[in-house]
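Colleague: Have a look at this one before I ask anything.
Where a number appears in this text, it was derived from the coordinates with a stated rule and is not lab data. Since we're looking at a predicted model, the values are computed, not measured. For neighbour counting, all protein chains shown are included, and Cβ atoms are generated from backbone atoms with ideal geometry for every residue, glycine included.
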Amino acid sequence: MNAIGLPQEQATILANSLNNLLANFQIYYQNLRGLHWNIKGRRFFELHVKFEELYTDAQLKIDMIAERILTLGETPFHTFESYLSKNTLPIGENVFEDEDAVKLILQCLQGLLILERQTIKLASEIDDEGTTTLISDLISEQEKNIWMFHAWIA
């Protein structure tokens, strides 16, 4: 058992899943920063503010995920090399147009959901309520954001 009473081997597997999520969240965060800096057009003011809101929120979530990995007794990824090697999300380079930006965010959120659902399953299997709650909250918020961005595009 680890320090918080979870089976060590399964906690390590769960921490690895959280590290994959962390790496992908870092790419999502960087995509948002780039969108915030580079957005152009008539919806500039609306989206510039929204992207800042999203990257500020992503930064908090990154910290929560990293701290959960530490709580499980493992080390969170903390290099760009690790982030890129584990990333499964699209990387938005030179995205300037509003609809392209929102579509990139949607792709990222959908990719994060896949990883989160894999992670919550692992957490549930070992009765890890702390990780389950963290990931459940992420999923709920991201599903709402997906709905809102789909409404925006429509």
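Colleague: Within straight cross-link reach of K144, meaning Cα distance under 16 Å, which aspartates and glutamates are found once same-chain residues fewer than 8 apart are removed?
Modeller: Candidates past the 8-residue exclusion: E53, D57, E116.
Colleague: Then there's this: Compute the normalised compactness of region 75-115: alpha-carbon radius of gyration over 2.2 N^0.38 Å, N being the residue count.
Modeller: Here the Cα radius of gyration is 1.35 times the empirical estimate.
Colleague: Considering just Cα atoms, how many Å³ per residue does the convex hull of region 8-153 enclose?
Modeller: Enclosed volume per residue, from the Cα hull, is 91 Å³.
Colleague: To test your reading of the geometry: what angle, between 0 and 90 degrees and rounded to tens, separates the Cα axis of helix 44-71 from the longest principal axis of the chain?
Modeller: Its long axis makes an angle of about 10 degrees.
Colleague: Further question on the same structure: With angles folded into 0 to 90 degrees, how steeply does helix 98-125 sit against the dominant principal axis of the chain? Use alpha carbons for both and round to 10.
Modeller: 10
Colleague: Roughly what angle does helix 129-153 make with the longest principal axis of the chain, taking Cα atoms, 0 to 90 degrees, to the nearest 10?
Modeller: The helix 129-153 is inclined about 20 degrees to the chain.
Colleague: Here is a follow-up. Write out the trypsin sites (Lys or Arg not before Pro) in region 1-108 meeting two conditions: DSSP loop, and at most 13 other Cβ atoms within 10 Å of their Cβ.
Modeller: In loop regions of region 1-108 (DSSP not H, G, I, E or B), the sparsely surrounded trypsin sites (Lys or Arg not before Pro) are K40, R42.
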